[in-house]
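Down below is the structure, laid out as structure tokens.
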Amino acid sequence: MDSPVQDKSVASGDTLDLRDPYPFFTARRREGGVFHGTVMDYSKTPESLRPADSYAALSWTAVNKALRNSKVFSTALYDSTIGVFMGPTILAMDGITHRAHRNLVSAAFKPQSLSVWEPDVVRPICESLIDEFIDEGRADLVKDFTFEFPTRVIAKLLGLPAEDLPFFRRAAVSIISYAGNVPRALEASKELKEYFLGHIEQRRSNPTDDIISDLVTAEIDGEKLSDRAIYSFLRLLLPAGLETTYRSSGNLLHLLLTHPEQFAAVEQNHDLLPQAIEEGLRYETPLTLVQRYVTEDTELEGVAIPQGAVLDLVLGAANRDENRWERPEEFDIHRTHIPHISFTAGAHTCLGLHLARMETRVAMEALLRRLTNITLLADGDPHIFGQPFRSPTSIPVTFDVR
Ligand code: HEM
């Protein structure tokens with residue numbers, strides 16, 4: 001299958017440019033919303049992990065419809081892709097099994113927890129990261145801040161020692177970039193299993209106040225989660241919780257710093273942060289697509305799709321559909337809010353969406369409260385890059401202390 005991907009820096013509607021895939025998405029969406037082909041680059045993916053036949057949905061209606069029909073557009077596909085490295089997770093489950101497991105693990109993400117995590121975990125972590133660079137008057141807000149805080153937050157919520165941060169961040173990244181190095185991803189998967197088994201055992205004999213303890217004590221119909229279900233879920237949480245949040249908060253910072261009037265509005269009124277966060281997620285979603293396996297011959301927006309095909313659901317394209325938003329190609333935090341689809345929809349809607357929003361708001365509040373005159377430097381041409389994961393290459397800034 002031909003890949004449409006080009007690693008070049010000139011935007012075009014003919015090829016998918018990793019710096020700006022949106023002209024390509026728009027051109028394909030205007031041709032019909034669903035097309036036979038893929039927006040993924042499989043050139044480095046081993047043959048055994050490549051789909052035989054692919055389709056891509058780009059319009060809001062097509063993406064939303066497919067996400068809400070998990071019987072025909074199934075996540076079971078993840079069992080033979082990322083699931084090879086994570087193990088059986090709720091992401092790849094369907095129907096009653098998915099609902100039961102999701103109910104169990106979502107107990108660990110209950111809204112009451114957020115009100116405790118904000119002052120006790122997230123705010124102190126953000127403040128201490130700022131302490132580490134504030135005296136310098138300059139920083140790379142990716143390396144020094146956005147890359148750091150979500151990992152530290154997840155580690156704390158799981159009750160893992162801070163000194164293990166480099167290990168499990170490296171392992172999580174190896175798993176998520178499995179297509180480039182399968183043996184390394186398998187090794188990381190094994191290491192994480194051994195690591196988490198040790199923690200599960202500890203919590204079983206001595207439960208503490210953290211997510212691993214919640215998972216160890218959770219029950220479905222009187223049955224507890226197996227060790228395999230727990231360590232697989234934990235292997236999912238690492239990339240799910242770190243990769244997306246670090247990238248989306250970097251995207252928001254980059255967008256605000258390159259739109260100075262909107263940045264000034266947020267600086268003056270922190271109450272604008274929730275709408276800025278939503279617009280950042282719409283305009284530059286950290287994950288441009290999810291995928292589904294087609295379980296029976298079907299049709300989507302007038303296009304016939306055969307059983308066995310893999311469907312790319314291009315969230316990035318749906319988020320800029322001109323049939324849903326006016327001026328979709330403009331970043332505008334003041335626009336009337338219409339929900340985006342960056343957390344998807346339907347049964348597999350992101351379980352961590354409230355945590356992600358809270359983390360991003362708290363991180364931004366901490367930066368804005370302590371720094372002023374934040375100026376983006378042109379060093380190294382910082383820009384948002386990538387597909388399906390997108391985020392800034394760096395955010396070099398100078399600033400004054402408030
Ligand atoms: C801005 C940040 C985030 C974004 C954009 C995001 C995006 C997503 C998306 C698109 C999915 C659905 C995947 C699919 O349907 O194929 C998903 C699922 C999930 N996310 Fe997030 N996520 C974010 C943060 C988090 C955080 C912080 C956590 C937890 C610590 C988390 C945990 C999960 C879990 C467990 C699922 C699986 C839900 C299920 O299959 O029922 N996410 N996320």
For this session: Filter region 214-251 down to the residues that are more than 16 Å from the ligand (Cβ to nearest atom) and of a type in the set (Ser, Thr, Tyr), then identify the one that is nearest to Trp117 (Cα to Cα).
Result: Thr217
Seminar exercise, completed: Within region 322-352, restricting to residues that are surrounded by 15 or more Cβ atoms within 10 Å (Cβ to Cβ) and not in a loop (DSSP other than H, G, I, E, B), the one that is farthest from the ligand (Cβ to nearest atom) is Ala347
Problem set entry | Matching residues, region 96-128, being at pLDDT 95 or above and of a type in the set (D, E, K, R) | Glu118, Asp120, Arg123, Glu127
Exercise. Which of the residues that make up region 269-317 are over 18 Å from Arg247 (Cβ atoms) and touching a Ser or Thr at 6+ places or on another chain (Cβ under 7 Å)?
Worked result: Arg292, Tyr293, Thr295, Glu301, Ile305, Gln307, Ala309, Val310, Asp312
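For every residue, the table says whether it meets (1) within 21 Å of the chain's Cα centre (by Cα); (2) modelled with pLDDT of 95 or more.
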| residue | (1), (2) |
| --- | --- |
| Ser205 | no, no |
| Leu252 | yes, yes |
| Leu255 | yes, yes |
| Glu267 | no, yes |
| Ala276 | yes, yes |
| Arg282 | yes, yes |
For this session: Write out, first by first residue and then by second, each pair whose Cβ atoms fall under 8 Å of each other, whose residues are 6+ apart or on separate chains, and whose first residue, in region 42-63, is buried (at least 16 other Cβ atoms within 10 Å of the Cβ) while the second is modelled with pLDDT under 90 and outside any loop (DSSP other than H, G, I, E, B).
Result: Tyr42/Ala179; Thr45/Ala179
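Could you pull out the residue among Asp17, Asp2 that is buried (at least 20 other Cβ atoms within 10 Å of the Cβ), out of contact with any Leu (no Cβ under 9 Å at 6 or more places or on another chain) and at pLDDT below 95?
Asp17
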Seminar exercise, completed: Only unsatisfied item for His98, checking (1) surrounded by fewer than 19 Cβ atoms within 10 Å (Cβ to Cβ); (2) free of Cβ contacts under 8 Å to residues at least 40 places away in the same chain, is (2)
For this session: Give me a count of the residues in region 353-363 that are buried (at least 20 other Cβ atoms within 10 Å of the Cβ) and near the ligand (Cβ under 8 Å from one of its atoms).
Result: 4
Exercise. If we keep just the residues of region 129-180 that are in contact with a Pro (Cβ under 9 Å, 6 or more places away or on another chain), hydrophobic (A, V, I, L, M, F, W, C) and at pLDDT 95 or above, which is farthest from the ligand (Cβ to nearest atom)?
Worked result: Ala139
Problem set entry | Leading residue by the ranking (modelled with the lowest pLDDT) among those in region 64-95 that are surrounded by fewer than 16 Cβ atoms within 10 Å (Cβ to Cβ) and not in a loop (DSSP other than H, G, I, E, B) | Ser80
For this session: May I ask you to list the residues in region 364-384 that are surrounded by fewer than 17 Cβ atoms within 10 Å (Cβ to Cβ) and either part of a loop (DSSP other than H, G, I, E, B) or of a type outside the set (Lys, Arg) (or both)?
Result: Glu365, Thr372, Asn373, Thr375, Leu377, Ala378, Asp379, Gly380, Asp381, His383
Problem set entry | Residue that is surrounded by the fewest Cβ atoms within 10 Å (Cβ to Cβ) [pool: residues in region 387-397 that are over 18 Å from Ala139 (Cβ atoms) and modelled with pLDDT under 95] | Phe389
For this session: May I ask you to verify whether Gln307 is over 26 Å from Leu18 (Cβ atoms), in a helix (DSSP H, G or I) and among the polar types (S, T, N, Q)?
Result: no
For this session: For region 249-258, state whether one or more residues are under 30 Å from Pro88 (Cα atoms), buried (at least 21 other Cβ atoms within 10 Å of the Cβ) and in contact (Cβ under 8 Å) with a residue 40 or more places away in the chain.
Result: yes
Exercise. Can you name the residue in region 207-236 that is among the aliphatic types (A, V, I, L, M) and modelled with pLDDT of 90 or more and, of all such residues, is surrounded by the most Cβ atoms within 10 Å (Cβ to Cβ)?
Worked result: Leu234
Exercise. Scanning for something surrounded by fewer than 18 Cβ atoms within 10 Å (Cβ to Cβ) and within 16 Å of the ligand (Cβ to nearest atom), does region 267-286 turn up at least one residue?
Worked result: yes
Seminar exercise, completed: When (1) of a type in the set (S, T, N, Q); (2) free of Cβ contacts under 8 Å to residues at least 40 places away in the same chain; (3) part of a helix (DSSP H, G or I) are applied to Thr360, the one that fails is (2)
Seminar exercise, completed: Picking from Ile175, Ile230, Ile220, the residue that is over 26 Å from the mean Cα position of the chain (by Cα) and of a type in the set (Val, Ile, Thr) would be Ile220
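The values are calculated or read from the model by the stated rules, or taken from the named source; none is laboratory data. Since this is a predicted model, take the numbers as computed values, not measurements. Positions of Cβ are generated from backbone atoms using ideal geometry, with glycine treated the same way; all protein chains shown enter the neighbour counts.
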